[in-house]
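Remarks on the structure that follows.
The values are calculated or read from the model by the stated rules, or taken from the named source; none is laboratory data. Predicted, not measured: the structure shown is a model, and the values here were computed from it. Using ideal geometry, Cβ is built from the backbone for each residue, glycine included, and neighbour counts are taken over all protein chains shown. Ligands, DNA and RNA are excluded from the accessible area calculation, which covers all protein heavy atoms including side chains. Shrake-Rupley method; radii C 1.70, N 1.55, O 1.52, S 1.80 Å.
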Amino acid sequence: MTAFLDLFGKTPLTRRRAYWGLALVAPNVLGLLFFFGIPVVLAFRTSLLDWNGIRPPVEIGLGNFEHLLNDPAFWNAFGVTLKLLAVVIPIGMVLSLVVALMLNRKLHGRSFFRVVYFLPVVTSTVAATMAWTWMFQPRYGLIANVLAPIGLQDLNWLTRPDLVLFPIAAVVIWQRLGFDMILFLAGLQAIPRQLYDAARMDGADGIRMFRHITLPLLSPTTFLVLILQVISAIQIFDQVYIMTARTTRGGMNDSATTLSLFLYETAFTNSDLGYSAAIALAMFAITLLLTVAQITLQRRWVYYESGSE
Amino acid sequence: MSATSRIDKSEVAEAGALRDDLNTAWKLITYVILITGAVVMALPFFWMISTACKAPQELNTLPVQWIPQNPVCLQNLAALYEQSPNFNNYLLNSAFVTIARTVGQLITCSLAAYGFARFRFPGKNILFAMSLGLLMVPFQAILIPEYLLLRQLDWLNTFAALIVPGTFSAFAMFLLRQAFMQIPVELEESAMIDGANPLQVLFRITLPLSQAALAAFAVITVQAAWNDFLFPLVVAGTEPSVRVVTIVVALLQGERSTPWNLLMMGSFLATVPMLILFVIMQRHFVEGVSLSGLGGK
C-alpha cells in the first residue's frame, strides 16, 4: 500500500499535489480518450468489416483495402484532390506572400488592407461558397458578365468537368489567403532589420536582398505554411458540397469529387461504413506521407538561423 | 579637385533622384496591386449584400445591376422568413452550440493545461503524449467512427452530439499550457502560502494573467464552431429542432426553387455575427491565427 502511495510522492504534500494534478487533467484527458481515442480504434476496427450500419457486420479482413486499390472511384477522388492541391497551394502561397511583403512596409491604410484580406478567413465557408456559386452561374452570374466582352458569358463553370475545379480552387484560395498572410507577416517581422541595413550599405538592391535575406530567413515560415496548406487542402469538402449541389453533387462524372466527399458519400449515400473507414485511413496515410516527405525535404531548403534544426 | 567633387555630388544627387523615382513607382505599383486585391477579396461580400437586396426581376437582367435600383432588403428578409419560418431558431441553435463549446473548452482545457504545467503526478508524460498524439489524427479520419460512437450513445440529432465532443481539445490544452508556463511560478507560490488551493490560484492568478492567450483562443474556437459544417451535417443533419445555420443555408439551396436573393440573404445572416465579432476582436483573431499556426493546426 505504501509502495503504491509512493508513486504519488514521498511526502503528504507532494502526494496531495499529485492528486490535484490528476484531478485537473482528468476531465479533458478522459473526454479526449473517449471522444477521439475510441474513434481512432474504431476506425481501424470498422475498416476490417463489411457493414452497412444496420445488418450485423461481417469480418472481411483486408477486403476493403483490396477494393480500395482497385476502385476507379477512389483513384478518381485521389486525382481530383491532387489536382486541387496542385492549383491551390502554389497560387495561394505566392499570393499570400506577395500581399504579406507589401503589407510589411510602411503604407497608408496598412491595417485596413489587413482587415479586408483577413475577412474571408472568419466567414462561414458555406455562406461564402454560396456567394461564389452565384457569381459563377452562367449568363446572369457576375463572372459571366465580366467575361461577356470576350464571349464567354455562357461558360458553365460548375457543370463542365474540365472547368469545375477552378471555381472550387478560387474559393479555397480566396478564403485561405488571409490566414497565410498573417503567418508570413509574423515571419517577416521576425527578420532583424539590421541585416537589410547592412546589405544596403554594401550596395545590395531590393531583388538581391529578397533572394539572399528575406527568402532564406522566411523559409521556416514558408515550410509551416506549406505543411498547413497540404493538411487542409486534402480535406476540402464544404466548397465542393455546396458548389455542386445544384447540379450533380461532386460534379459531372465525379469530376469534383474529392477524397472527403467520396468518403462522405460512401458512408452516408451508399451506407458502406467499412469501406468508408478504409478510405478515411487511406486519407490519413496520404496526409502522413506528404508531411513526412516535406519534413525530410525541408533540409534542402529551410534555413535555420541557429544552425541546428 | 573641386571640379571632380562637384561632379561626384551631382552624380550622387542624380542617383538619389532616380532612386526616389523608383521608390515612387514601386509604391504606386504596390497600391494598385493591393487595392485590386482588396476589391477581389471584398467582392463576394458586396455581391452577397447587393443580391440580398434585389427584387426577383433584377436577378435576371443584363448587364448585371451592381447596385439594386430600388433595394428591397426588408421585403427579402420577410420572404426568407416566410420560406424558412424557423430561421431565428437556427441562428439561436448556432449561437448556443458555439457558446457551449467555447465555454466548455475554456474550462476543461484551462484545468488540464494548469495540471500539466504545474503538477507532478504518475503517468503525466504518457497522458500528455497521448493527448498530443490525437492532434495528429485529422478530423475526417475519425468522422465515421465518431458518428458510430454517438449513435451508440443515442446522441445523434441532439445538442449533446453537437456540443460535448467539441468541449475537449488537445490543441487548446497545449496552447494554454504554453501560456501558463510563461507566468512566473513565484506569483502562484505566494498565493499558495497564503492558503489558497490550486483551483483558487488558477482562477485568481493564472487565468487573469493569461487573458491575451485566452481571448485569442476563444475567438478562433467561436469562429470554428459557428462555421462548422461537415460535423453537424453528419451527426445532426436530419433533425430540424437542433439544426444549425450553416446546415440550413445549404438546405435552402437544395430546394432548387429558392431564388438567389433569398439565398444571399440567408448567407448574409449566417455570416454577419462572425464579421461583427471580427471587427470588434480583430487583434485577438490575428493572434489566434499566429498561435494556431505555431501549434501546427
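When you look at B:LEU150, is it more than 28 Å from the chain's Cα centre (by Cα), buried (at least 21 other Cβ atoms within 10 Å of the Cβ) and assigned to a helix (DSSP H, G or I), yes or no?
no
Can you confirm whether A:ALA86 is farther than 30 Å from B:ILE276 by Cβ and within 8 Å of chain B (Cβ to nearest Cβ)?
no
All but one of (1) part of a helix (DSSP H, G or I); (2) open to solvent by less than 80 Å² (accessible area, probe 1.4 Å) hold for B:VAL32; state the number of the condition that does not hold.
The number of the failed condition is (2).
Out of all the residues in region A:47-60, is one or more of a type in the set (Phe, Trp, Tyr), crowded, with 19+ Cβ neighbours inside 10 Å, out of contact with any Cys (no Cβ under 6 Å at 6 or more places or on another chain) and outside the structural domain of A:VAL164 (by TED's automatic domain parsing)? Steps first, please.
Step one: of region A:47-60, the residues of a type in the set (Phe, Trp, Tyr) are A:51.
Subset that is crowded, with 19+ Cβ neighbours inside 10 Å: A:51.
Narrowing the set further to residues that are out of contact with any Cys (no Cβ under 6 Å at 6 or more places or on another chain) leaves A:51.
Adding the requirement that they be outside the structural domain of A:VAL164 (by TED's automatic domain parsing) leaves A:51.
Within region A:47-60, one or more residues are of a type in the set (Phe, Trp, Tyr), crowded, with 19+ Cβ neighbours inside 10 Å, out of contact with any Cys (no Cβ under 6 Å at 6 or more places or on another chain) and outside the structural domain of A:VAL164 (by TED's automatic domain parsing).
Show the residue pairs that are 6+ apart or on different chains and have beta-carbon atoms under 6 Å apart, the first residue being within region A:187-199 and under 13 Å from A:PHE210 (Cα atoms), the second being open to solvent by 30 Å² or more (accessible area, probe 1.4 Å).
As it stands, the answer is A:LEU188/A:ASN104; A:ILE191/A:LEU217, since those pairs meet every condition given.
Output the number of residues of region A:213-248 satisfying the condition of being within 14 Å of chain B (Cβ to nearest Cβ) and more than 21 Å from the chain's Cα centre (by Cα).
4
Is it the case, given these coordinates, that B:GLU239 is open to solvent by 40 Å² or more (accessible area, probe 1.4 Å) and in contact (Cβ under 8 Å) with a residue 12 or more places away in the chain? Write out each step before concluding.
Numbers: open to solvent by 40 Å² or more (accessible area, probe 1.4 Å): yes; in contact (Cβ under 8 Å) with a residue 12 or more places away in the chain: yes.
Yes.
For the subset of region A:249-262 comprising residues that are in a helix (DSSP H, G or I) and more than 7 Å from chain B (Cβ to nearest Cβ), which member is surrounded by the fewest Cβ atoms within 10 Å (Cβ to Cβ)? It would help to see each step written out before you state the result.
Initial filter on region A:249-262 (in a helix (DSSP H, G or I)): A:252-254, A:259-262.
Okay, now just the ones that are also more than 7 Å from chain B (Cβ to nearest Cβ), so A:252-254, A:259, A:261-262.
On the way: A:MET252: 16, A:ASN253: 10, A:ASP254: 20, A:LEU259: 27, A:LEU261: 25, A:PHE262: 23.
The selected residue is A:ASN253.
Could you tell me whether region B:250-257 includes any residue that is part of a helix (DSSP H, G or I), modelled with pLDDT under 95, facing chain A (nearest Cβ under 9 Å) and open to solvent by 20 Å² or more (accessible area, probe 1.4 Å)?
So the first thing to find is which residues in region B:250-257 are part of a helix (DSSP H, G or I), and the list is B:250-254.
Narrowing further to those that are modelled with pLDDT under 95: B:250-254.
Among the residues that remain, those that are also facing chain A (nearest Cβ under 9 Å) are: B:250, B:252-254.
Those left that are additionally open to solvent by 20 Å² or more (accessible area, probe 1.4 Å): B:254.
Yes, the conditions are met somewhere in region B:250-257.
Based on what the data block shows, is A:MET93 open to solvent by 20 Å² or more (accessible area, probe 1.4 Å), modelled with pLDDT of 95 or more and more than 9 Å from every other protein chain (Cβ to nearest Cβ)?
So A:MET93 fits the description; yes.
State yes or no: is B:VAL286 over 20 Å from B:ALA42 (Cα atoms) and either buried (at least 18 other Cβ atoms within 10 Å of the Cβ) or at pLDDT below 90 (or both)?
Values: over 20 Å from B:ALA42 (Cα atoms): no; either buried (at least 18 other Cβ atoms within 10 Å of the Cβ) or at pLDDT below 90 (or both): yes.
For B:VAL286, the condition - over 20 Å from B:ALA42 (Cα atoms) and either buried (at least 18 other Cβ atoms within 10 Å of the Cβ) or at pLDDT below 90 (or both) - is not met.
What is the residue count in region A:77-90 for residues that are open to solvent by 40 Å² or more (accessible area, probe 1.4 Å) and either over 18 Å from A:LEU163 (Cβ atoms) or in contact (Cβ under 8 Å) with a residue 24 or more places away in the chain (or both)?
Looking only at that region, the number is 4.
Taking the condition surrounded by fewer than 16 Cβ atoms within 10 Å (Cβ to Cβ) and either out of contact with any His (no Cβ under 7 Å at 6 or more places or on another chain) or more than 26 Å from B:LEU277 (Cα to Cα) (or both), does B:PHE46 pass?
yes
If you scan region A:268-308, which residues turn out to be modelled with pLDDT of 90 or more, surrounded by 17 or more Cβ atoms within 10 Å (Cβ to Cβ) and not in a helix (DSSP H, G or I)?
If the condition is that a residue be modelled with pLDDT of 90 or more, surrounded by 17 or more Cβ atoms within 10 Å (Cβ to Cβ) and not in a helix (DSSP H, G or I), then A:ASP272 is the only one that fits.
Is at least one residue of region A:152-167 under 20 Å from B:PRO259 (Cα atoms) and of a type in the set (Ser, Thr, Tyr)?
yes
Can you name the residue in region A:3-22 that is surrounded by 13 or more Cβ atoms within 10 Å (Cβ to Cβ) and within 17 Å of B:ILE126 (Cβ to Cβ) and is also farthest from the chain's Cα centre (by Cα) among such residues? Before the answer, list the steps.
First pass over region A:3-22, keeping only residues surrounded by 13 or more Cβ atoms within 10 Å (Cβ to Cβ): A:8-9, A:14-22.
If we keep only those that are within 17 Å of B:ILE126 (Cβ to Cβ) as well, we get A:8, A:18, A:21-22.
Details: A:PHE8: 42, A:ALA18: 39, A:GLY21: 35, A:LEU22: 34 Å.
Looking at residues that are surrounded by 13 or more Cβ atoms within 10 Å (Cβ to Cβ) and within 17 Å of B:ILE126 (Cβ to Cβ), I get A:PHE8.
For (1) more than 9 Å from chain A (Cβ to nearest Cβ); (2) within 23 Å of B:GLU82 (Cβ to Cβ); (3) free of Cβ contacts under 8 Å to residues at least 60 places away in the same chain, each residue gets a yes or a no:
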{"position": "B:LEU230", "(1), (2), (3)": "no, no, no"}
{"position": "B:ARG243", "(1), (2), (3)": "yes, yes, no"}
{"position": "B:THR246", "(1), (2), (3)": "no, yes, no"}
{"position": "B:PHE268", "(1), (2), (3)": "no, yes, no"}
{"position": "B:VAL272", "(1), (2), (3)": "yes, yes, yes"}
{"position": "B:GLY288", "(1), (2), (3)": "yes, no, no"}
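Among the numbered criteria (1) aromatic (Phe, Trp, Tyr); (2) without any contact (Cβ under 8 Å) to a residue 60 or more places away in the chain; (3) under 18 Å from A:ALA23 (Cβ atoms), which single criterion is violated by B:TYR81?
Unmet condition: (3).
Given the condition assigned to a helix (DSSP H, G or I) and in contact with a Phe, Trp or Tyr (Cβ under 9 Å, 6 or more places away or on another chain), answer yes or no: does some residue in region B:69-85 qualify?
Checking region B:69-85: at least one residue is assigned to a helix (DSSP H, G or I) and in contact with a Phe, Trp or Tyr (Cβ under 9 Å, 6 or more places away or on another chain).
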